[in-house]
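Computed from the coordinates by the stated procedures, all read-outs in this text should not be read as laboratory data. Predicted model, so just to flag it, every value in this text is computed and none were measured. No Cβ is skipped: glycine too gets one built from the backbone with ideal geometry, and neighbour counts run over all protein chains shown.
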Amino acid sequence: MDQRPDSDETAQPQPPPAISPPTSQLGAKPPPAKVIIRFKAVGNAPILKRNFFKINSALKFQAIIMFLRKELSYKPSDPLGFIDAITMTQFVYISSAFSPAPDETIENLYRCFETEGQLIVNYCTTAAWG
Amino acid sequence: MLSWVRQALPTSSLAANAKPEAVWYSHNGHLLKWHYPIGLLYDMFTESSDAPTMPPADLPQLTGALPLPWPITVHLQSFPHDKLLPSPTSSTLQTLYMAQCKEAEFMRTGSTKKIMNLSKNDQSQLWQGFVEHTFEKYWRIGQPLVLGDDGFVPKHIPFRLYTRLGAVVQIPISLSELGETTTIQEAVTYIINPDRYLSGNAPVTGTSTPLDCRVLVHGILVDPATPLLWLYRHFSYPDTFLHAVLL
């Protein structure tokens, strides 16, 4: 039987990690049931009396648009009003960067794009980052 | 698509009069979301039991495990507004496509600068290449986005994991944290940890070993040891997301 050099005894082969590295350290935890949405008006868009709200993270992005429309008392004929669900998203953005599809969940958006614990939603009355 | 449907049903006055916004599609009772890639829908909803027992003789024989042609039901009324986005015009389709490209770019680089800096012509080339199935045209603009400069590793992989129940999970997968050689199996295990809810409200049973992961991408059952980065670079969809279905 081969004698192993001493140095090898200290360098024991590690069993392959089951998941490397452990997920518990990597923030792979579920988002809270409710997440904070911070609204920011762009350009001439009217500002809200209160600009942050907690919203159920199981809802879809469309719920944010509908909520915003209600808060701003928009009518279908107004710029943020109904054109169609896709065109409507062009007036509402995440982190001043892009408009998600109306059926993306707030949960997924929060996981991917939250900034300091909030999902930043910019809104405007003309397409801003089209 | 609607013009093909009209051609296929020339004798049906109902089809001829169908309003574009009223048409929707389903397969085996599953609604087909028009804004999902059709290959993804096929991966999500096709079971091997769907295979026709006697494939029509005039159709090319396909060797894949899953059945083709794919039977789709065309509906001309009762549009399920609560479950599907309203039917698109070509303009809203392009809007949504570009918005998805931007979302993916934001995941890759943390900004949408590269897409915002594309000229109108380049943006239109990207779209036209995709719509016309002209790969070279599409890839001339798409390649710098998906692959970036030599050795570019996206900040987060634009990756969406779908279940056959229709749930979608999109979480930021950082290869700088997980390692560039992270496999699809490790990524899926990372996504489905014991605390995570994947389908409805049922918690997925936790396990400390990598999941027995059966994932379909473009109709292919992916080897669990395939590196996620490689898969992303070679198998992303035209919207520059990697869409995979967990079986």
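Charge tally around residue A:55: other residues with Cβ under 15 Å, Lys/Arg +1 each, Asp/Glu -1 each, net +4.
Counting neighbouring Cβ atoms within 10 Å and putting the fewest first, the residues B:33, A:54 line up as A:54, B:33.
Only alpha carbons enter this Debye calculation for segment B:90-147, each as an equal point scatterer, and the log10 of I(q)/I(0) it gives at q = 0.15, 0.22, 0.29 Å⁻¹ is -0.39, -0.86, -1.35. Using r as the Cβ-Cβ distance of residue B:180 and residue A:33, and R0 as 30 Å, what FRET efficiency do you calculate, to the nearest 0.05? Using R0 = 30 Å, I get an efficiency of 0.30.
Taken residue by residue and averaged, Cβ atoms of other chains lying within 10 Å of the Cβ of B:114-121 number 1.
Here the Karplus relation 6.51 cos²θ - 1.76 cosθ + 1.60, evaluated at θ = phi - 60°, turns the backbone of segment B:121-136 into coupling constants of 5, 5, 4, 6, 4, 4, 5, 4, x, 5, 5, 8, 6, 9, 4, 4 Hz, with x for every Gly and Pro.
Of the chymotrypsin sites (Phe, Trp or Tyr not before Pro) in segment B:119-189, the ones in a loop by DSSP (not H, G, I, E or B) with at most 13 other beta carbons within 10 Å are B:152.
Between amide H atoms placed 1.01 Å from N, distances below 5 Å from residue A:40 occur with A:121, A:122, A:123, all of them 5 or more places distant or on a separate chain. Sparse packing (at most 10 other Cβ atoms within 10 Å of the Cβ) combined with a DSSP loop state is found for the following GluC sites (Glu not before Pro) in segment B:99-168: B:132. Summing +1 for each Lys or Arg and -1 for each Asp or Glu, what net charge is found among the other residues whose Cβ lies under 14 Å from the Cβ of residue B:143? Residues near residue B:143 contribute 0 overall. Computed from phi, the 3J(HN,Hα) profile of segment B:94-108 under the Karplus parametrisation 6.51, -1.76, 1.60 (θ = phi - 60°) reads 5, 4, 5, 4, 5, 5, 5, 4, 5, 4, 5, 5, 5, 5, 5 Hz, with x in place of Gly and Pro.
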